[in-house]
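Here, each number is a calculation from the coordinates, and none is a lab measurement. What you are looking at is a predicted structure, and each value in this text was computed from that prediction instead of being measured. Glycine also receives a Cβ, built like all others from the backbone with ideal geometry; neighbour counts cover every protein chain displayed.
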């Protein structure tokens, strides 16, 4: 069975990805094939320092996850996730594994055999240790008649085990005495490591310098929910009910991620054990001599989420102390961290803290510690809290003051000193997920209080450039002398998802001092090691490569690339070969040698041709050897197949276009039709693999060799990031030729599916003039396949086709109108995927596009529009191309057609309404529906488009402004007989448009076309003070203007403050760097969306700079921020001027390297609502409301609370939409607040899990929209 593995991703659990090999077939095959131990000089684009070369060790690894060395450095041990340990000697993998317990190991999701360690005395005693998850079938049935060695049971509760084995002395410790197994953890089902989720299970094994055995264990909590324990009324995706039933845990352990805080639980910890017995050691911080095997007795450190990889700093231990631990803790959805355990009993904070600061969702959760913390004040006075919460027992550190723990019922009374109370041990440094804005920080203090500083800023104790990632891999200390001096006695660590390795220096007190880049990409590292004798940096590039990085002074080896115009055919077969991709890093001339593998002489031609002959099916291995002037060589190989054709593979199940549900795990049957002219079915080898694609990285599952099998798909996606599963089948015949096919499965997001291709130009909401030529561009989120063609469409009509990378084109002489642009990309294997459409507006000239929203209620009885059940979810929601609903639809229904109408010219407009049976037409004085008034009605039926039957059908003259949008709404009730509804108008010049065409209309559910080209500047004169905090943002600005670029007028005066804000649109997906220049002081803030409430500070100027002086201080420059093409982000610069010169400007660097300093107007759009300042205290501006509204809990279960400012008034109308735009809940009247809050109970809506849009319409104000998640 194939199941999806969520290796160490930020929200899945983590431990993480490898880019899969998917075979593509072209007329010309370019294959870069390296032999075992081929040296590859670092390419400049990979960011590896000069002089380092990479070397592949061994081949054919199947999900390798770790490596270690013997003391003498002569052997390397590589262990695979499925349960095998291999020995590598002299660069070659021995044919027989040291250990194979794959029958027992549960190899699924994040789980498998992840830890291995040699005993310090391995050479004499042969002991080694493995840490693994047990297959549930093996756990429950082994040794019984119900056991089957070929069966497994995944996706259910089980345990992890720590076992010791003995390698045989008789064969020089190359094989294992399988009868020697000794279980140190997991002797019974109730004594193992609880495995309660698809990830966050077992981790690493490391020996301390005192001879103790250290073990890392994850929290076993959900990564898809805020997990405070399994609730049957609101279930999550953990295996808790079965685990309690089995006795794996007790109900007291049903506290979700808070198990990491529970000393009496083994999860979320570093354990320290006696390797002879598995008992905790007496010097452990919570040791109980009467229960040495208890969880508390074994705990060394706590408060960890997924400490997958960690190490001991060499020389930091003693005979009674294991040493200082350096821990890579995989974060959830925001921060990754490297933490340092300098002593026992430290608490690293999870889940109350993620990284340096409180976790936004867990920090305020009230989870009681029922194991060990009854509240001594319970029952006294008004104290009703029976147990202390875990959050009551953990506080942030102070700079010099002792921590204080007050009782939550009476803070003046301290908690008993006998309780286990903790100060949060903050990480050495942390880095942010790219999808949350990226950046890296270190801890500091502001006065006595804990604070943070951007790495590289003047306030930071850690120097170095900013960086981002999303899956920490704890590393190793490098003590060899073969690297340059700057790397000796330093710490290497990685990020699996981001694919990089970095280097950090620490002082003698284990305080981080600097961080530098080492390898910037393509290092999907899940483990690092170094040879204790010869040095070198080794890492697992998950899941098929073991890489050694060495330093080579002087001449570096070349790289060999062999290519051929064909790889198979009938005999005789003439093949043209090419070596054009081969190169030497110093540019030396290369000597070429081609061995064709058929006994013919070696040729020294650079690009030879050769004819192969055979009367039978036969394969030839062709080898290219390149040698530089210094004598260093490299080789590459190709296989040529004669009289053979590759299998033809077509996957038949699952079907192309299948969407997987987000409500449950889904099992799909995998079948395919396979034909091969030369080989029968028994001569074919099948390799099925399921691979989750998440943004730019992948999570591959183990290969399944059955011709037909199944795969289990876990529900993940629809959260704004790119997810899809690729199911790949590769079939190889007996002569070595392969054919393949794949099917992509996307999540069912109710219409919002994230695609492998995205349109980057034009951008959403962009405006052009009629007759313009519009550049059409795409970017590919799926880089693993070769793209062959892109076809562009407008409103479903083909515009153009391109077959040349990067697949851009131009749409010329575009007529006026509103357009939906899409692009369909086809790869080299014929698979198609369509990009999410973007909408643009072309002004001037003829114009005939647009739509208006129609909400329809079936079975609606009654004779007036008042009987339309507007408060109920509509039967359907559709878009109309003009202001005319379908006629003769049926009987007993109601409908509301609404949206926005735009006046093409300033002047008087007359409206008409026609309908059968009755209808009303309403128009607002703005976009705000609350300002609508009725302007026409039909009290009895009219014919279709019969405009003059009754006087009330015609409105009076209505004055409208050119280019302004107005909310419009038609309500229509049908009883029986014929039925119709249409709305028309007359323009100021007298032109009749009856019905109103689509080019005048905009959907109620779709976002408006945005204004571009400017950004809003708010200016406050006579503002005294020296910091941005003194800017009187709560007062009405002296002036509000719009700037044509992100640069304000210089030398404007003294003693003023200004805020420049609006939206910035990314022209391409990738990493952006921002700069800020100002005099006197300024701060730059950027949101992860259009929502100002999500903004974070990314740059600052603490002292003055010259005008557009970008490089005076490190803090002026942001870290790399990942933005999505076409997406708008709220941006804000705050600037305070006292005296002297004054200036403010903001610049950025695009992903391709282009500098735009300052940012030009075409990237910007103004902040709407900033001119809605009023003196009355009864109205809050739209911007202030968005920034001060609190929606919680979010995610929510059945209730959600809205907290608004005291001055916000009442909610006029509240609506909840699903991602398809359907109204799933709305209030039936005004909502009044109690103490500025109101709690809504949404049980009746029967909402499924997923994301929704909450729209609040306040009195006398525009609507505000919030994204919420239902658990």
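Under 20 Å from a point placed 7 Å out from the Cα of residue 479 along the Cα-to-Cβ direction: which residues of segment 123-151 have their backbone N that close?
Output list for this probe position: 123-124.
How high is the relative contact order of the chain? Use alpha-carbon pairs under 8 Å, at least six apart in sequence, and give a whole percent. Don't skip to the end; give the middle numbers.
Values: 3673 pairs, mean separation 93.8, N = 1271.
This gives 7 percent for the chain.
Can you work out D for segment 412-457 in µm² s⁻¹ from Stokes-Einstein, where Rh is the Kirkwood radius over C-alpha pairs, the temperature is 4 °C and the viscosity is 1.567 mPa s? Walk me through the intermediate numbers first.
Details: Rh = 13.3 Å.
Stokes-Einstein gives a translational diffusion coefficient of 97 µm²/s.
What do the square roots of 5 times the Cα gyration tensor eigenvalues come to for segment 557-642, in whole Å, largest first, as semi-axes of the equivalent ellipsoid?
Working: eigenvalues 138, 24, 18 Å².
Largest first, segment 557-642 gives 26, 11, 10 Å.
Want the number for residue 665 to residue 927: 0.36 nm per residue separation, take away the alpha-carbon distance, what's left?
On the way: separation 262, 0.36 × 262 = 94.32 nm, distance 4.30 nm.
Going from the current span to full extension adds 90.0 nm.
Packing-wise, with mean Cβ within 10 Å as the measure, how do 1057-1063, 191-197, 529-535, 1071-1077 rank, highest first? It would help to have the intermediate numbers written out before the result.
On the way: 1057-1063: 24.1, 191-197: 25.9, 529-535: 17.7, 1071-1077: 22.0.
Going by the mean number of other Cβ atoms within 10 Å, highest first, we get 191-197, 1057-1063, 1071-1077, 529-535.
Cα-based Rg of segment 852-1003 per 2.2 N^0.38 Å, rounded to two decimals?
Details: Rg = 14.4 Å, N = 152, 2.2 N^0.38 = 14.8 Å.
In units of the 2.2 N^0.38 Å rule of thumb, it is 0.97.
Does segment 787-913 come out rounded, prolate or oblate, given a ≥ b ≥ c as the square roots of the eigenvalues of its C-alpha gyration tensor, rounded meaning a/c under 1.5 and, failing that, prolate meaning a/b above b/c? Show your work: numbers first, answer last.
Working: a/c = 3.90, a/b = 1.72, b/c = 2.26.
Cα axes put segment 787-913 in the oblate bin.
To the nearest whole percent, what portion of all C-alpha pairs in segment 81-135 is separated by more than 13 angstrom?
Details: 932 of 1485 pairs.
So the portion of pairs separated by more than 13 Å is 63 percent.
Based only on other Cβ atoms within 10 Å, what is the fewest-to-most ordering of 779, 906, 836?
Working: 779 20, 906 12, 836 15.
Going from least to most buried by this count: 906, 836, 779.
How many nm is it between the label spots at residue 989 and residue 513, if each spot is 7 Å from the Cα in line with the beta carbon?
Each label point lies 7 Å from its Cα, and together they span 7.6 nm.
For the chain, state the average projected area of the convex hull of the C-alpha atoms over all orientations, rounded to one decimal in nm².
Numbers: hull surface 220.2 nm².
Result: a mean projected hull area of 55.0 nm².
Can you tell me how segment 274-316 classifies by the Cα gyration tensor, rounded, prolate or oblate, using a/c under 1.5 as the rounded cut? Show your work: numbers first, answer last.
Details: a/c = 2.07, a/b = 1.49, b/c = 1.39.
Prolate, since a/c reaches 1.5 and a/b exceeds b/c.
Could you give the semi-axes, largest first, of the ellipsoid that matches segment 757-843, computed as the square roots of 5 times the alpha carbon gyration tensor eigenvalues and rounded to whole Å? Provide the component values of the computation, followed by the final result.
Values: eigenvalues 112, 27, 22 Å².
Taking √(5λ) for each Cα gyration eigenvalue gives 24, 12, 10 Å.
How large is the Kirkwood hydrodynamic radius of segment 202-302, counting all unique pairs of alpha carbons, in Å? It would help to have the intermediate numbers written out before the result.
Values: mean 1/r = 0.0699 Å⁻¹.
For segment 202-302, inverting the mean 1/r across all distinct Cα pairs yields 14.3 Å.
Residues in segment 848-875, backbone N under 13 Å from the label point at residue 837 (7 Å along the Cα-to-beta-carbon vector): list them, ranges by number please.
Label zone hits: 849-852.
From the alpha carbon gyration tensor of segment 646-747, can you work out the equivalent ellipsoid semi-axes (sqrt of 5 times each eigenvalue) and give them in Å, largest to smallest? List each step's numbers first, then the result.
Numbers: eigenvalues 155, 33, 23 Å².
Three semi-axes, in Å: 28, 13, 11.
Using 0.36 nm times the number of residues separating residue 738 and residue 591, minus their current alpha carbon distance, what extension gain do you get? Present the calculation step by step, with values, prior to reporting the outcome.
Details: separation 147, 0.36 × 147 = 52.92 nm, distance 3.22 nm.
Residue separation times 0.36 nm, minus the Cα-Cα distance, leaves 49.7 nm.
Using the Kirkwood radius over Cα pairs, work out the Stokes-Einstein diffusion coefficient for segment 142-231 at 25 °C and 0.890 mPa s, in µm²/s as a whole number. Don't skip to the end; give the middle numbers.
Details: Rh = 16.1 Å.
Answer, rounded: 152 µm²/s.
Quantify how much of the Cα-Cα distance distribution of segment 1038-1178 extends past 26 Å, in percent. Each step should come with its number before you reach the end.
Values: 2071 of 9870 pairs.
Cα-Cα pairs of segment 1038-1178 separated by over 26 Å account for 21 percent.
Taking Cα atoms of segment 79-179, Rg/Rh with Kirkwood Rh, to two decimals?
Working: Rg = 14.5 Å, Rh = 14.5 Å.
With Rg and the Kirkwood Rh in hand, the quotient comes to 1.00.
Fewest first, what order do 798, 726 take by the number of other Cβ atoms within 10 Å? Show your work: numbers first, answer last.
Numbers: 798 10, 726 22.
Going from sparsest to densest Cβ surroundings: 798, 726.
When only alpha-carbon atoms count, how far does segment 1097-1154 stretch along each of its three principal axes, as whole angstroms with the largest first?
If we take the Cα atoms of segment 1097-1154, the spans are 40, 21, 16 Å.
Could you order the peptides 679-691, 61-73 from most to least packed, using the average number of other C-beta atoms within 10 Å per residue?
Values: 679-691: 17.0, 61-73: 18.8.
The peptides rank, most packed first, as 61-73, 679-691.
Run the quick spin-label model on residue 615 and residue 175: label points 7 Å from Cα toward the beta carbon, then report their separation in nm to one decimal.
In this crude spin-label approximation the distance works out to 4.4 nm.
As a check on your grasp of the helix formula, calculate [θ] at 222 nm for the chain: sum -39500 (n - 2.57) over DSSP H runs of n ≥ 4, divide by the residue count, round to the nearest 500. Mind showing how you got there, number by number?
Numbers: 5 runs with 28 residues, N = 1271.
So the helix-based figure for the chain works out to -500 deg cm²/dmol.
Could you calculate the FRET efficiency of residue 50 with residue 445 from 1/(1 + (r/R0)^6), where r is the beta carbon distance between them and R0 is 30 Å, rounded to 0.05?
Numbers: r = 39 Å, r/R0 = 1.29.
E between residue 50 and residue 445, to the nearest 0.05, is 0.20.
For segment 305-439, state what percent of all Cα-Cα pairs lands in each successive 5 Å bin, counting from 0 Å until the bin that includes the largest distance.
P(r) over segment 305-439, rounded to whole percents: 2, 10, 16, 18, 16, 15, 11, 7, 4, 1, 0.
Is segment 542-594 rounded, prolate or oblate when judged by the Cα gyration tensor, a ≥ b ≥ c being the square roots of its eigenvalues, rounded requiring a/c under 1.5 and prolate requiring a/b larger than b/c?
Details: a/c = 4.16, a/b = 1.62, b/c = 2.58.
In terms of gyration-tensor shape, oblate.
Would you kindly calculate the translational diffusion coefficient of segment 1010-1063, applying Stokes-Einstein with the Kirkwood radius from alpha carbon pairs, for 37 °C and a viscosity of 0.692 mPa s, and quote it in µm² s⁻¹ without decimals?
Values: Rh = 11.9 Å.
Translational D for this selection: 276 µm²/s.
For residue 290 and residue 892 in the same chain, what is the full-extension length gain: residue separation times 0.36 nm, less their Cα-Cα distance, in nm?
Working: separation 602, 0.36 × 602 = 216.72 nm, distance 7.73 nm.
Full extension from residue 290 to residue 892 adds 209.0 nm.
Extending each Cα 7 Å along its Cβ direction at residue 1040 and residue 1026, get the distance between those two points in nm, one decimal.
Modelled inter-label distance: 3.3 nm.
Using the reciprocal of the averaged 1/r over all distinct C-alpha pairs, how large is the Kirkwood radius of segment 918-1028 in Å?
Working: mean 1/r = 0.0579 Å⁻¹.
17.3 Å is the Kirkwood radius here.
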